[in-house]
Amino acid sequence: MNLDELKREAAAQAVAMVEPGMRLGLGTGSTAKHFVDLLAARMKRETLGIIGVPTSEATRIQAASLGIPLTTLDETPELDLTIDGADEIDAKLRLIKGGGGAHLREKIVAMASKKMIVIADETKLVEILGKFPLPLEVVPFGLAATRLAITRAIEASGCRGELTIRKRATGEVWLTDSGNVILDAALGTIPAPEDLAERLDSVTALVEHGLFIGIAKTAILATSSGIKTMSV
Ligand code: 5RP
């Protein structure tokens, strides 16, 4: 199986875990996209009575086009389950997310859920987080000052690396669904994710970082030799 087939396989396993009547958080990215497709396919075969909160405009458009009933956290502030992908996953189910630039809404939705399940292909499992550049969503106002504060927080946590503002292929600065910019921090390794997360949390204009710690309880990893489920 190629990577995309593995992603679809992980998504299929997660769809099977959806129970009738659930209030679901719908993740963002290519793996979550498979989940939304397969969920809609299951809803054609059986009455599930689920309702979803999308974690991005892209997912909202996809889910709406497939006829999945949608709500918002304003109407439905508590969810049963969020299913989402990840850019990196370690053995403690600490994650890096935000490769698709949606980690702010993804974290808000996951935190409003009783449970988060991560779905991914096996390449996302890492020994140490940090090879994937850590996405940092920041308010555009005062960007240079925020960069400095972030650099200090990163260095105080024993990391170092370049901060790059995310751009589109056209060269325009990439804006999130909330109108913010993303700095990608190329750290290589993050020896103390909890410490770094705490230091980043204290940077005023940093709206949210892509470290998800203590949020996901289960990961469904599709490997070339079958499905591997990890729980903490
Ligand atoms: C989006 C995310 C995605 O879940 C993450 O980037 C994984 O994406 P993919 O499933 O395409 O590999 O965090 O912000």
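The values are calculated or read from the model by the stated rules, or taken from the named source; none is laboratory data. What you are looking at is a predicted structure, and each value in this text was computed from that prediction instead of being measured. So basically every Cβ, Gly included, is an ideal-geometry build from the backbone, and we count neighbours across all protein chains shown. Calculation scope for accessible area: heavy atoms of the full protein, side chains included, ligands and nucleic acids excluded. Shrake-Rupley method; radii C 1.70, N 1.55, O 1.52, S 1.80 Å.
Of all residues in segment 42-88, those satisfying the criterion of being more than 16 Å from Met22 (Cα to Cα), aliphatic (A, V, I, L, M) and open to solvent by less than 60 Å² (accessible area, probe 1.4 Å) are Ala64, Ala86.
Taking the criterion of being open to solvent by less than 50 Å² (accessible area, probe 1.4 Å) and without any contact (Cβ under 8 Å) to a residue 40 or more places away in the chain, the only residue of segment 215-230 that qualifies is Gly226.
All of (1) out of contact with any Ser or Thr (no Cβ under 8 Å at 6 or more places or on another chain); (2) touching a residue at least 60 places away in the same chain (Cβ under 8 Å); (3) more than 11 Å from the ligand (Cβ to nearest atom); (4) among the hydrophobic types (A, V, I, L, M, F, W, C) hold for Leu81 with one exception: (1). Consider Val138 carefully, then state whether it is more than 16 Å from the ligand (Cβ to nearest atom) and touching a Ser or Thr at 6+ places or on another chain (Cβ under 7 Å). Judged against the criteria, Val138 is not a match. Among the criteria (1) open to solvent by 60 Å² or more (accessible area, probe 1.4 Å); (2) of a type in the set (Lys, Arg); (3) touching a Phe, Trp or Tyr at 6+ places or on another chain (Cβ under 8 Å), the one Arg23 does not fulfil is (3).
Looking across segment 84-104, the residues that are out of contact with any Asp or Glu (no Cβ under 6 Å at 6 or more places or on another chain) and more than 7 Å from the ligand (Cβ to nearest atom) come down to Glu88, Ile89, Asp90, Ala91, Lys92, Leu93, Arg94, Leu95.
The single condition among (1) on the phi < 0 side of the Ramachandran plot; (2) not in a strand (DSSP E or B); (3) not aliphatic (A, V, I, L, M) that Gly214 does not meet is (1).
With respect to Thr176, determine if the residue is within 16 Å of the ligand (Cβ to nearest atom), among the hydroxyl-bearing types (Ser, Thr, Tyr) and surrounded by 13 or more Cβ atoms within 10 Å (Cβ to Cβ). Don't jump to the end; show me each part of the working.
Details: within 16 Å of the ligand (Cβ to nearest atom): yes; among the hydroxyl-bearing types (Ser, Thr, Tyr): yes; surrounded by 13 or more Cβ atoms within 10 Å (Cβ to Cβ): yes.
Judged against the criteria, Thr176 is a match.
Considering (1) more than 16 Å from the ligand (Cβ to nearest atom); (2) hydroxyl-bearing (Ser, Thr, Tyr); (3) closer than 23 Å to Lys97 by Cβ, the lone condition that Ser56 does not fulfil carries the number (1).
Pairing each residue of segment 105-124 that is within 12 Å of the ligand (Cβ to nearest atom) with any residue that is among the charged types (D, E, K, R) and assigned to a strand (DSSP E or B), provided the two are 6+ apart or on different chains, yields C-beta distances under 7 Å for Glu106/Asp84; Lys107/Glu208; Ala110/Asp84; Met116/Asp84; Val118/Asp84; Lys124/Glu88. Of all residues in segment 179-211, those being in a loop (DSSP other than H, G, I, E, B) and under 17 Å from the mean Cα position of the chain (by Cα) number 2.
Against the conditions (1) away from the ligand (no atom under 13 Å from the Cβ); (2) assigned to a helix (DSSP H, G or I); (3) not small (Gly, Ala, Ser), Glu19 satisfies every one except (2).
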